[in-house]
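Asks: Supplied in structure tokens, the structure appears directly below.
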Amino acid sequence: PDPAEGMSVHGKTIFFLHTAAEIEHSLLVQYLYAAYSLGDVGSRQDLTDEQKTQIEGWQDSILLIGKQGMGHLVTVQNLLRFIGGPLNFEREDFPFRNAYYPFSFHLEPLTKDSLAKYIAAEMPENPADPDGLVADAVRRAQAASEGGPINRVGPLYARLIQLFADE
């Protein structure tokens, strides 16, 4: 069911932008937590230089994605200001769920399971998957979320694009 049923186009747009803000805020916090869960790799004595380089590369990549999420959050806030809506810096941190939230908010260290949830939530609708790696990530993500669905963020943004086209 449409959670914004009965609202004006302007009201729906604000509702979905608020949802996008909550999702972007949640994802960026989870990305940053996952990246920093790897610790100060350079000072670790139990790793080879090659391992340190590899782990620092992972950390840098995940931090970059978190920073991109910050840009997405600011863009959503700018769109809210543009249409005269109130800003929203909340996060989904209680059991409110709808078909747009990718998965429940959990601060987790970086693991194959947590990474799989991010991949599943942010992948395109029909990703190329010649080696079956995306399908494996989706299966792992669903198992890591206790069998719950992992919703992609793409449909939310597709909905927003349509709402802006209607305005």
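The values are calculated or read from the model by the stated rules, or taken from the named source; none is laboratory data. Note that the coordinates shown come from a computational prediction; the quantities given were computed from them, not determined experimentally. Cβ coordinates were reconstructed from backbone atoms using ideal geometry, including for glycine residues, and neighbour counts include every protein chain displayed. Remember, those area values only see protein heavy atoms, side chains included, never the ligands or the DNA or RNA. Shrake-Rupley method; radii C 1.70, N 1.55, O 1.52, S 1.80 Å.
Asks: How about region 119-152: which of its residues are of a type in the set (Val, Ile, Thr) and in a helix (DSSP H, G or I)? If you could, list the steps in order and put the result at the bottom.
Replies: Narrowing region 119-152 to residues of a type in the set (Val, Ile, Thr): 119, 134, 138, 150.
Correct list: Ile119, Val134, Val138.
Asks: With the requirement that a residue be open to solvent by 40 Å² or more (accessible area, probe 1.4 Å), modelled with pLDDT of 90 or more and within 22 Å of the chain's Cα centre (by Cα), what does region 1-17 give you? Outline the logic, then answer.
Replies: Just the residues of region 1-17 that are open to solvent by 40 Å² or more (accessible area, probe 1.4 Å), to begin with: 1-3, 5-10, 12, 15.
Keeping just the survivors that are modelled with pLDDT of 90 or more gives 6-10, 12, 15.
Result: Lys12, Phe15.
Asks: Can you tell me which of Asp136, Asp131, Asp60, Asp166 is open to solvent by 40 Å² or more (accessible area, probe 1.4 Å), in contact (Cβ under 8 Å) with a residue 40 or more places away in the chain and more than 16 Å from the chain's Cα centre (by Cα)? Before the answer, list the steps.
Replies: Values: Asp136 fails: in contact (Cβ under 8 Å) with a residue 40 or more places away in the chain; Asp131 fails: in contact (Cβ under 8 Å) with a residue 40 or more places away in the chain; Asp60 fails: in contact (Cβ under 8 Å) with a residue 40 or more places away in the chain.
Going through Asp136, Asp131, Asp60, Asp166 in turn, the sole match is Asp166.
Asks: Given the structure, is Ala35 touching a Lys or Arg at 6+ places or on another chain (Cβ under 9 Å) and open to solvent by less than 80 Å² (accessible area, probe 1.4 Å)?
Replies: Working: touching a Lys or Arg at 6+ places or on another chain (Cβ under 9 Å): no; open to solvent by less than 80 Å² (accessible area, probe 1.4 Å): yes.
So Ala35 does not fit the description; no.
Asks: Among (1) touching a residue at least 24 places away in the same chain (Cβ under 8 Å); (2) open to solvent by less than 60 Å² (accessible area, probe 1.4 Å); (3) within 15 Å of the chain's Cα centre (by Cα), there is one condition Tyr157 misses while meeting the rest; what is its number?
Replies: Failed condition: (2).
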